[in-house]
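What follows is a short report on a single structure.
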Amino acid sequence: MIMATTTPSLSPDELRLFQQLVYTRIGVRLGDNKHALVQNRLRSRLRDRQLSSFSSYHQLLTEPAESEEMELCINALTTNETYFYRHPLHWHWLSQHWASFGPAPRVWSAACSSGEEPYTVAIELACRGITGGEIIGSDINSSVLDQAKRASYSPYAVQKVEPVTLKERFRSRVRFERHNLMSATGPARNCDLVLLRNVLIYFDRESKRKVLDNILQALKPGGLLIIGGAEALTDNRFDYEAPSIYRKR
Ligand SMILES: C[S@@+](CC[C@H](N)C(=O)[O-])C[C@H]1O[C@@H](n2cnc3c(N)ncnc32)[C@H](O)[C@@H]1O
């Protein structure tokens, strides 16, 4: 006998439940235009948990014993695009400023996704013989962080980087930690440089303010903040340095 299987659809009310959940947990505003994204990405979670509706999946997530499922839900709903040397203008600008951080720079790649950004920092510092300091990569998504820790990239992703060199020489140079930018304490202190690129676009004004409060605590006075090329920062606690590059007052 062939069983009829129906693929559940996400109703507007159910979409609102997940918009609220994601906003409360990670400060990200999923607009109504993300209906298809939420529906498609959560369908496999419903399948795995053998649930027939999005509201029953949401109900399940409210149970304290389901913190692991909550992690999988958040993993499914974040957007993690990244690549080596993204925004070449930033790397070009930094190439003229690495030396100003001294022999032991502290760099935090906040929202680093699968690690290409902090590994690009590691490569750039190594090229200049700067071996001291610390590079930290953090993200809310535990799945991309696992990928980052493995430093295992497709030939396409590492076309400009020697893969063996990356694994052998740089993997141990970056410390990865799961971290929510909404939380008051962060994995890094006294930083010379924080990269917070291509994540501010997902936050509304209130979340953005919270994130920047935390980033300010992590930066040393005069430390640099770099945001994404298409992102905007209007915060008088930072001075403008160059396009999308700011200095803590
Ligand atoms: C588009 S990627 C940016 C990756 C990298 N910074 C770049 O520019 O190539 C955005 C990342 O932000 C992360 N993210 C979203 N909200 C977050 C939060 N509240 N705390 C930490 N990371 C978050 C996502 O998991 C995702 O990996």
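Restricting attention to segment 26-118, which trypsin sites (Lys or Arg not before Pro) occupy a DSSP loop and are surrounded by at most 15 other Cβ atoms within 10 Å?
Passing both the DSSP loop test and the Cβ count: R29, R49.
Compute the relative contact order of segment 12-77 as a whole-number percentage, counting only Cα pairs closer than 8 Å that sit 6 or more residues apart in sequence.
Answer for segment 12-77 is 32 percent.
Among DSSP bridges having both ends in the chain, what percentage is antiparallel? Round to the nearest 5.
Around 30 percent antiparallel, to the nearest 5.
Counting Lys and Arg as +1 and Asp and Glu as -1, each charge on the Cβ, what is the dipole of the chain about the Cα centre in debye, to the nearest 20?
Around 480 debye, computed over the chain.
Under 15 Å from a label point 7 Å along Cα→Cβ of T165: give me every residue in segment 76-91 with its amide N that close.
Correct set: 84-85.
Tell me, in nm to one decimal, what length is gained between S52 and E134 on full extension, where the rule is 0.36 nm per residue of separation less the Cα-Cα distance?
Additional length available on full extension: 24.8 nm.
Given contacts defined as C-alpha pairs under 8 Å and at least six residues apart, what's the relative contact order of segment 88-248, whole-number percent?
Value for segment 88-248: 22 percent.
Helix 12-26 against the longest principal axis of the chain: what's the angle in degrees, Cα atoms only, rounded to the nearest 10?
Value to nearest ten degrees: 30.
Which is farthest toward the positive dipole end of segment 88-248 among S172, A232, S143, measuring Cα position about the Cα centre, with Cβ charges +1 (Lys, Arg) and -1 (Asp, Glu)?
Positive-end residue among those listed: S172.
Read-outs: derived from the displayed coordinates by stated rules, not from any lab. Every value quoted in this text rests on a predicted model; they were computed, and no experiment measured them. Because the Cβ atoms are built from the backbone with ideal geometry, glycine has one as well, and the counts that use them run over all protein chains shown.
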